[in-house]
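**Student:** After the structure tokens below, expect a handful of questions from me.
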Amino acid sequence: MGGISVSYGGIRILVLFGLAIYAFVIKNKIKKRRQEHIDQSLENYEKDENGLYPWEANTDDSPENIPQNAKVFKEKDKVRRGGW
């Protein structure tokens with residue numbers, strides 16, 4: 001069977017190298033798209049005269065600022081994972 005003989009080790013190295021390049025390219029594409037999405041989502045909001053976004057303006061969490069009918073957060077209300 002005349003032809004070029006390539007060892008399976010060489011094929012494995014080429015395949016792994018190709019997968020590494022593919023993963024690197026895909027990771028960079030995802031990173032770029034995520035950054036573009038963040039930039040686009042912030043375009044809808046404007047900063048106020050203090051340089052803060054609307055959700056950053058009111059950070060007063062003193063007891064006087066919390067409404068009386070607010071639900072009390074309890075540690076048991078959190079999501080549990082792995083506890084069957």
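The values are calculated or read from the model by the stated rules, or taken from the named source; none is laboratory data. Only a predicted model underlies this, so the values are computations on that prediction, with no experimental measurement involved. Just so you know, the surface numbers come from the protein's heavy atoms only, side chains and all, with ligands and any DNA or RNA stripped out. Shrake-Rupley method; radii C 1.70, N 1.55, O 1.52, S 1.80 Å.
**Student:** For the stretch 63-71, take each phi angle, set θ = phi - 60°, evaluate the Karplus expression 6.51 cos²θ - 1.76 cosθ + 1.60, and give the result in whole Hz per residue in order, putting x for glycine and proline.
**Tutor:** In residue order, the calculated couplings are x, 5, 8, 8, x, 5, 8, 6, 6 Hz.
**Student:** Each residue of the stretch 19-25 in turn: what ³J(HN,Hα) in whole Hz from Karplus with 6.51, -1.76, 1.60 and θ = phi - 60°, glycine and Pro shown as x?
**Tutor:** Result, rounded to whole Hz: 5, 5, 5, 4, 5, 5, 5.
**Student:** When volume of the Cα convex hull per residue in Å³ is calculated directly from the model, which label among [x] 96; [y] 262; [z] 77 fits?
**Tutor:** Only one listed value fits the structure, namely [y].
**Student:** Rolling a 1.4 Å sphere over the protein heavy atoms, what is the accessible area per residue of the chain, to the nearest Å²?
**Tutor:** 106
**Student:** Based solely on its DSSP helices, what 222 nm [θ] is calculated for the chain when runs of n ≥ 4 H residues each add -39,500 (n - 2.57) and the sum is averaged over all residues, nearest 500 deg cm²/dmol? It would help to have the intermediate numbers written out before the result.
**Tutor:** Numbers: 2 runs with 39 residues, N = 84.
It lands at -16000 deg cm²/dmol.
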